[in-house]
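Values quoted throughout were computed directly from the atomic coordinates according to the rules given, and no laboratory measurement underlies them. This one's a predicted model, so the numbers in the text were calculated from it and none came from an experiment. Here the Cβ is made from the backbone with ideal geometry for all residues, glycine too, and neighbour counts use every protein chain on show.
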Amino acid sequence: MKKIRDYTLEELETELINLGEKKYRAKQIFAWLYKSLRSFDEMTDLPKELIEKLKNNFILDCIEIETFQKSKDGTIKYLLKLSDGNKIESVLMQYKYGYTVCVSNQVGCKMGCNFCASAKIGYIRDLTPAEIIGQILEIEKKENVKVSNIVFMGIGEPFDNYDNVLKAIRIINDPKGLNIGARHISISTCGLVDKILRFSEENIQCNLCISLHSSRDDVRSGMMPVNKKYNILEIMNACKKYIEKTNRRITFEYALVDGVNDSKEDAIHLAKLLRGMLCHVNLIPINKIKDGKYEKSTAERIMAFRDTLNEKGIVATIRRELGSDISAACGQLVRNS
Ligand code: SF4
């Protein structure tokens with residue numbers, strides 16, 4: 001059966017018209033979908049016949065929390081089960097400015113980054129918009145909180161599931177949907193150049209993050225096979241076009257690996273690559289994964305790397321580590337545990 005939260009308001013209007021209903025009903029239904037309701041019966045301003053029609057044609061819930069683990073820093077990692085039995089993970093983080101959910105967008109991932117636990121499980125399928133949004137709704141319901149920020153940094157490459165992710169973003173951003181401002185939504189890509197260019201045309205104010213991790217093609221290709229398809233020069237050219245088009249700052253994510261990409265020369269090389277760009281560098285102490293070969297850089301090396309970038313005029317900060325004791329940090333999510 002169709003998942004009713006897969007539709008934007010405009011698409012739901014078409015669905016309702018196809019069922020012989022008036023267009024305005026879609027607005028009423030859409031508004032209900034993003035409140036915490038468990039059944040169509042709770043849509044109290046709809047006639048009984050319409051509720052029956054909805055029950056016969058759509059499903060409301062397609063995802064449920066199976067288990068969760070809480071970190072000592074308060075971060076919570078959830079294992080969620082989809083209606084076909086597949087499992088994914090999502091993470092809730094609490095910051096001073098509110099709650100952030102890190103969502104998954106695929107069951108597994110094709111990209112094969114070799115520092116990432118999600119890559120080790122292979123790719124099964126894309127998530128639909130309802131399954132992406134469902135992660136946020138289920139967490140809000142369970143914890144009785146209102147989430148204010150969404151990051152697409154869980155399992156999967158968001159630009160490899162472009163249409164579903166974009167539709168989910170539009171529903172998350174819709175004032176009648178989850179009503180989360182586009183500037184509070186961040187999408188992270190490993191550098192799919194064609195999609196970066198497409199994203200620049202979307203007229204949406206989300207934050208774009210690029211997982212860069214090295215400014216040298218040989219090192220980056222060793223960490224991220226996707227670099228053999230889209231090299232650093234191609235990514236930089238796409239980023240420049242994106243900035244030109246949107247006037248928005250890009251965040252480059254850089255996971256520091258001991259002895260691989262964390263020397264002073266690496267920092268100078270990176271600063272040269274990014275010189276003059278409207279950007280920010282987010283330094284991430286890499287998280288060890290099971291059977292992974294990479295080791296985290298020392299705190300001294302990470303700070304020295306940041307200082308070199310700052311001295312060269314590149315704004316760089318070190319990301320606070322959250323949830324690493326429960327394998328909920330960047331690159332540690334898998335599809336079951
Ligand atoms: S880092 Fe992201 S793109 Fe790379 S394998 Fe992991 S989930 Fe996929």
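Here are some notes:
- Calculated P(r) tail over 25 Å for segment 25-141, as whole % of Cα pairs: 35
- Residues Asp6, Asp41, Asp163 in ascending order of nearby Cβ atoms (within 10 Å, fewest first): Asp163, Asp41, Asp6.
- Centre-to-centre, using Cα atoms only, segment 47-70 and segment 89-109 are separated by 22 Å.
- Counting only Cα atoms, the size of segment 2-59 along its three principal axes is 24, 22, 19 Å, in decreasing order.
- DSSP bridge pairs, segment 63-326: antiparallel proportion in percent, nearest 5: 45
- Charges were assigned to the Cβ only: +1 to each Lys and Arg, -1 to each Asp and Glu. The resulting dipole of the chain about its Cα centre is roughly 380 debye.
- The loop-placed chymotrypsin sites (Phe, Trp or Tyr not before Pro) in segment 93-150, going by DSSP, that have at most 13 neighbouring Cβ atoms within 10 Å of their Cβ come out as Tyr97.
- Within segment 50-79, trypsin sites (Lys or Arg not before Pro) in DSSP loop having at most 12 other beta-carbon neighbours inside 10 Å: Lys72
- Restricting segment 249-329 to GluC sites (Glu not before Pro) in coil, as DSSP defines it, with at most 14 other Cβ within 10 Å: Glu295
- Acute angle (nearest 10 degrees) that the helix 129-143 long axis makes with the longest principal axis of the chain, alpha-carbon atoms: 90
- Looking at segment 46-87, the pairs of alpha carbons with a distance over 17 Å make up 55% of the total.
- Measuring max minus min along each principal axis, the C-alpha atoms of the chain give extents of 69, 41, 35 Å (largest first).
- Here the gap between Arg38 and Arg125, fully extended at 0.36 nm per residue and compared with their Cα-Cα distance, gives a gain of 28.7 nm.
- Here segment 71-135 has an Rg and Dmax of 13.0, 37 Å, counting Cα atoms alone.
- Taking the Cα centre of segment 189-334 as origin and assigning +1 to Lys and Arg Cβ atoms and -1 to Asp and Glu Cβ atoms, the resulting dipole is close to 320 debye.
- The angle between the Cα long axis of helix 48-57 and the main principal axis of the chain comes to about 50°, on a 0 to 90 degree scale.
- Working from Cα pairs under 8 Å separated by at least six residues, relative contact order for the chain is 17 percent.
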